[in-house]
Amino acid sequence: MKTAMNYVLVNLAIADILVAIFMGIKFVIVPTFVHPEGKTGWFLCKFVTGGTTAWTAAVASIYSLVAIAVEAYHAAYHPFKRRSGRAKNLHRTIILIWTVALFWGLPLYLSVTYVDTISTCAEQWPYSILPKIYSFGWIIVAGIVPIAVMSVLYFKVSYTYNTLVRIQSPTLSPAKLKK
């Protein structure tokens, strides 16, 4: 863990492993076995078999990718700037990522429960409009915002890199490189 970026990469790996484990449980193990009933079934639905932990980890994974894009941007735009304190800031960033992920997953933790009539986990919202609003929020929070931020940052990094390549070797134009 010599560089600050490694903290974000480990965070991404942990989030991805959690997604894989809990999605595997939801889509492979749950359909194979009979789900427990009662308080055990309720607890398992909230935290294990209902997919809420997987979706929370997915948000953490998405925003870890955004943090990596921010780090790449800073490395490209300030390559010689002293990076002291960066690891401390990234620890805060990782805490913020998981706080946002837990906050965004909170509605699922509240709405997913064991339903006796169908013997499985399901979302039970108090108002029929809430799941629609929450789904639309997913489009914004886990789709549009991170994709837009990463696109802008990586475009700037790519533009900076291409500009530096042209400055350092003006005889190598993109047309000559293709041949």
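What follows draws every value from the coordinates through simple rules; no lab data is involved. Since this is a predicted model, take the numbers as computed values, not measurements. With ideal geometry, Cβ positions are generated from the backbone for all residues, glycine too; neighbour counts draw on all protein chains shown.
For the stretch 4-178, the Cβ-based charge dipole about the Cα centre amounts to some 1040 debye (Lys, Arg positive; Asp, Glu negative; other atoms uncharged). Computed on the stretch 4-178, with alpha-carbon pairs under 8 angstrom and 6+ residues apart, the relative contact order is 28 percent. Compared with the direct C-alpha span, the chain from Ile14 to Ala122 gains 36.3 nm at full extension, assuming 0.36 nm per residue. Sorted fewest first by neighbouring Cβ atoms within 10 angstrom, Phe80, Phe47, Phe22 come out as Phe80, Phe47, Phe22.
The convex hull around the C-alpha trace of the chain, projected and averaged over every direction, spans 14.9 square nanometres. Counting only whole DSSP H helices of the chain, the ones at least 27 Å long by C-alpha along their axis and with mean Kyte-Doolittle hydropathy no lower than 0.5 are 4-24, 52-77, 86-111, 145-168. Ranking of Ser158, Ser64, Ser135, Ser111 by neighbouring Cβ atoms within 10 Å, starting from the fewest: Ser135, Ser158, Ser111, Ser64. Counting every other Cβ atom within 10 Å of each residue's Cβ, Tyr63, Tyr127, Tyr159 order from fewest to most as Tyr127, Tyr159, Tyr63.
Distance from the C-alpha centroid of the stretch 117-167 to that of the stretch 30-67: 19 Å, rounded to the whole angstrom.
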